[in-house]
Amino acid sequence: QVQLVESGGGLVQPGGSLRLSCAASGSIRSINAMGWYRQAPGKQRELVATITSGGSTNYADSVKGRFAINRNRAANTVYLQMNSLEPEDTAVYYCHAEAEVLGTPALYNGWGQGTQVTVSS
C-alpha cells in the first residue's frame, strides 16, 4: 500500500556532506511523520531525526548542529542533509514513515530498504 524509496547514500571522507532522500508513494491519505534512523554493524537501530506533519523536528544529540531534516509535503518526500560527517556516522540509514492510508483506519508504520553511508578516508 505504501512504498518508501531511499537514495543518496555513498562513500564520503570525514568532514564531507551527503544528502539522503526518501520518497513515499502509494495509497497515502496523509503523512503524520517521517524520519531517519540508522544501524551500524553490531549496534541497534537508533533515531537520527524526525519531522512531523506540523514541521516539528527532533534530532539525536550526536547529530545536532550537523544534520538537518526537511521535507517536500506535496511530494511526500523527506530529506536528510548531513554535514561534517564523521566515521562514527557510518551506518545503514533507514527511512521511516507513519501515514494514514486510503481505505483502512489502520496506520501505516513502515521502513525503506536502507541506504549505506560510509565515512572514511
Quiz item: Quick one: what pairs do we get from the stretch 42-57, first residue under 17 Å from VAL78 (Cβ atoms) and at pLDDT 95 or above, second open to solvent by less than 50 Å² (accessible area, probe 1.4 Å) and part of a loop (DSSP other than H, G, I, E, B), C-beta under 9 Å, 6+ apart or different chains?
Solution: LEU47/ALA60; VAL48/ALA60; ALA49/ALA60
Exercise. Determine, yes or no, whether ALA68 is touching a Gly at 6+ places or on another chain (Cβ under 8 Å) and either open to solvent by 30 Å² or more (accessible area, probe 1.4 Å) or without any contact (Cβ under 8 Å) to a residue 40 or more places away in the chain (or both).
Key: no
Quiz item: Within the set of pairs 6+ apart or on separate chains, which have a first residue in the stretch 24-39 that is surrounded by fewer than 17 Cβ atoms within 10 Å (Cβ to Cβ), a second that is of a type in the set (S, T, N, Q) and not in a strand (DSSP E or B), and C-beta atoms under 6 Å apart?
Solution: GLY26/GLN1; SER27/GLN1; ASN32/SER53
Self-check item: Those residues of the stretch 7-23 which are surrounded by fewer than 21 Cβ atoms within 10 Å (Cβ to Cβ) and within 12 Å of the chain's Cα centre (by Cα), in sequence order
Solution: SER7, GLY8, GLY9, ARG19, SER21, ALA23
Quiz item: Can you spot a residue in the stretch 69-79 that is at pLDDT 95 or above and under 16 Å from GLN116 (Cβ atoms)?
Solution: no
Practice problem: Return a yes/no flag: does the stretch 71-94 have any residue that is under 20 Å from GLU6 (Cα atoms), in contact (Cβ under 8 Å) with a residue 24 or more places away in the chain, among the aromatic types (Phe, Trp, Tyr) and open to solvent by 20 Å² or more (accessible area, probe 1.4 Å). | Solution: yes
Quiz item: Name the residues in the stretch 95-120 that are under 15 Å from ALA23 (Cβ atoms), open to solvent by 20 Å² or more (accessible area, probe 1.4 Å) and among the hydrophobic types (A, V, I, L, M, F, W, C), would you?
Solution: TRP111
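Quick one: how many residues across the stretch 40-61 are surrounded by 13 or more Cβ atoms within 10 Å (Cβ to Cβ) and closer than 15 Å to ALA91 by Cβ?
6
The values are calculated or read from the model by the stated rules, or taken from the named source; none is laboratory data. What you see is a predicted model, and the numbers here were worked out from it, not measured in a lab. Glycine gets a Cβ as well: all are built from the backbone with ideal geometry, and neighbour counts include every protein chain shown. Ligands, DNA and RNA are excluded from the accessible area calculation, which covers all protein heavy atoms including side chains. Shrake-Rupley method; radii C 1.70, N 1.55, O 1.52, S 1.80 Å.
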